[in-house]
Amino acid sequence: MRHSQLFTKTLKEAPKDEKSINAQLLIRGGFVDKLMTGVYSYLPLGFRVFKKIENIIREEMNKIGGREVLLPSLHPKESWQKTNRWQYPEMFKLKSRSGKNFSLGWTHEEIITPLVKKFVLSHKDLPIFIYQIQDKFRDELRAKSGLLRGVEFVMKDLYSFHQDERDLDKYYEKVKKAYFQIFKRCGLEKQTFLTLASGGTFSKYSHEFQTVTPYGEDEIYFCQKCKLAINKEIIQKEKYQCSKCKSKKLKAKKAIEVGNIFKLKDKFSKTFNLKFRDKDGKEKTVLMGCYGVGLGRLMGTVVEVHYDKNGIIWPKEVAPFRAHLIQIENTKKVKRVAEKLYQDLQKAKVEVLYDDRDKSAGEKFAEADLIGMPLRLVVSERTLKKNSVEIKKRSEKKIKLVKLSQILKYVK
Ligand code: ATP
Ligand code: MG
């Protein structure tokens, strides 16, 4: 993509009302725009990051057998009355002209469970794994952390359906692994920890995936011996002791909950009478699990972890472009070589943002640092004297001259 064709512009200062690092940097870089508290538009650069994250999640969900669907956002009151959640405080409600009541989806157990009931008769129909990547709406009181807590936000929610606990447990472990794979690919492997959380009335524990950052909203107690973490909600109940290795060497850390997985067991299947016939023809209740991850929250978390005083440092797999090609001086020769390199990189399937504008080197470099592509390629009269291009990794200070003929090999 040509920089001159991006309709967004970078800002020198962040808007005064944005306190979080992710919102400040993402708005300054032209990745997102705030419509109102907790509601953001994704602009071309931000949408590319969003799509990368979406694809990573989709790939990992498909690998564990997930079947993608798209459920409605608009729900009838009746669905929510069945589970006594019509009064849920975070749920947005609306009325049609004819006086019918609706809500906007903030989660989808009430929709997916009766849907699956239409297709499940016997044990042969199980297990089933269904997920969607879709807008959720929550009337959040504390929406002040940019993409970390939206009022409208996109979530991937997966629901699994099983004939017994063993099968549910087995799949639950598979999802755990898939989640770690997602966070690893997003560059958050080192900072993200499995965290015990309350399991509600049906299981002893649920699990959160918490990414440790100085400005996280959550607090976790991290076991230095076995690396398990315990969330604030249950640490008292666990008597400030690691639930796994019993060590008392726990350290409190601020963290962001990037994902949450939960064994629902028969909580919803019972209400909706979701049953199947087992091998002996006996009727049994289906057991369920649910597994969520917020795409915007994940994107915001990546920024909270990967930045410096000049801007964002995107990890390779989620960067909007792999390379940022910059021509400086704007002379005929420089432009000709840069244009050619832009074409060649594209032909070689390297995603590249080409700064073709007539702006000073200083301005272009500052913007390149702010928007944070992993590789910066600079073509100038000086580099061309050596038949070379200057290459710098966003995460390093070192600058290297690479011969024009070697560039494709180097970048790939
Ligand atoms: P929190 O305690 O942070 O409010 P939650 O327990 O309400 O989260 P779940 O309902 O389990 O979250 O949602 C699953 C995932 O969706 C979360 O782990 C998080 O990644 C994401 N998520 C939840 N609420 C929001 C929000 N308001 N904005 C962005 N992402 C969210
Ligand atoms: Mg919540």
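Qualifying GluC sites (Glu not before Pro) in segment 299-403, where qualification requires a DSSP coil assignment and no more than 14 other C-beta atoms within 10 Å, comprise E396. For the chain, C186, C290 have no disulfide-compatible partner, since no other Cys C-beta lies under 4.7 Å from theirs. Dividing the convex hull volume of the alpha-carbon atoms in segment 365-409 by its residue count gives 74 Å³ per residue. Rolling a 1.4 angstrom probe over the protein heavy atoms with all chains in place gives the chain an accessible area of 50 Å² per residue. With the helix formula -39500 (n - 2.57) applied to DSSP H stretches of n ≥ 4, the chain reaches a computed 222 nm mean residue ellipticity of -8500 deg cm²/dmol. Taking the Cα centre of the chain as origin and assigning +1 to Lys and Arg Cβ atoms and -1 to Asp and Glu Cβ atoms, the resulting dipole is close to 1100 debye. Within segment 320-402, antiparallel bridges make up roughly 45 percent of the DSSP beta bridges whose residues both belong there. For a modelled paramagnetic label at K359, 7 Å from Cα along Cα-to-Cβ, the residues of segment 328-347 in reach, with backbone nitrogen under 19 Å, are 328-331, 335, 338-339, 342.
Take I133, I230 and sort them by solvent-accessible surface of the protein heavy atoms, 1.4 Å probe, largest at the top.
Output order, biggest surface exposure first: I133, I230.
What pairs from K93/K284; K190/K246; K176/K232 go past 30 Å between their alpha carbons? Table pairs above 30 Å Cα-Cα are K93/K284. Based on alpha-carbon atoms, the Kirkwood radius and the radius of gyration of the chain give Rg/Rh equal to 1.04. Applying a threshold of 30 Å to the alpha-carbon distances of K177/K204; K156/K347; K100/K124; K12/K51; K52/K249 flags K156/K347; K100/K124; K52/K249 as lying beyond it. Taking 10 °C and 1.306 mPa s as the conditions, I'd like the Stokes-Einstein D for segment 320-412 in µm²/s, using the Kirkwood hydrodynamic radius from alpha carbon pairs. Value of D from the Cα-based Kirkwood radius: 123 µm²/s. The share of accessible area on segment 194-351 that comes from carbon and sulfur is 49 percent, using a 1.4 angstrom probe.
The Cα-based radius of gyration and maximum Cα-Cα distance (Dmax) for segment 55-169 are 16.1, 48 Å. Within segment 269-371, the trypsin sites (Lys or Arg not before Pro) that combine a DSSP coil assignment with at most 12 other C-beta atoms in a 10 angstrom radius are K279, K282, K309, K349.
Past 20 Å, Cα to Cα: identify those pairs from K359/K409; K333/K403; K118/K275; K332/K409; K170/K316; K359/K397, in the order given. Over 20 Å Cα-Cα: K359/K409; K332/K409; K170/K316; K359/K397. Our note on the geometry: Cα centres of segment 3-67 and segment 387-412, 28 Å apart.
Mind giving me the FRET efficiency for Y215 and K282? R0 is 56 Å, r the Cβ-Cβ distance, nearest 0.05 is fine.
According to the calculation, E is roughly 0.60.
Taken as Cα centroids, segment 299-364 and segment 79-96 sit 47 Å apart, rounded to the nearest whole angstrom. Ranked from largest to smallest solvent-accessible area, with a 1.4 Å probe on the protein heavy atoms, C290, C245, C186 come out as C245, C290, C186.
Farthest toward the positive end of the dipole of segment 1-103, out of V69, Q87, G29, is the Cα of Q87, where the dipole comes from beta carbon charges about the Cα centre.
The values are calculated or read from the model by the stated rules, or taken from the named source; none is laboratory data. Note that the structure is a prediction, hence the values are computed from the model and not measured. All Cβ positions, even for glycine, are placed from backbone atoms using ideal geometry, and neighbour counts span all protein chains on display. Please note that ligands, DNA and RNA were not included when accessible areas were found on the heavy atoms of the full protein model with its side chains. Shrake-Rupley method; radii C 1.70, N 1.55, O 1.52, S 1.80 Å.
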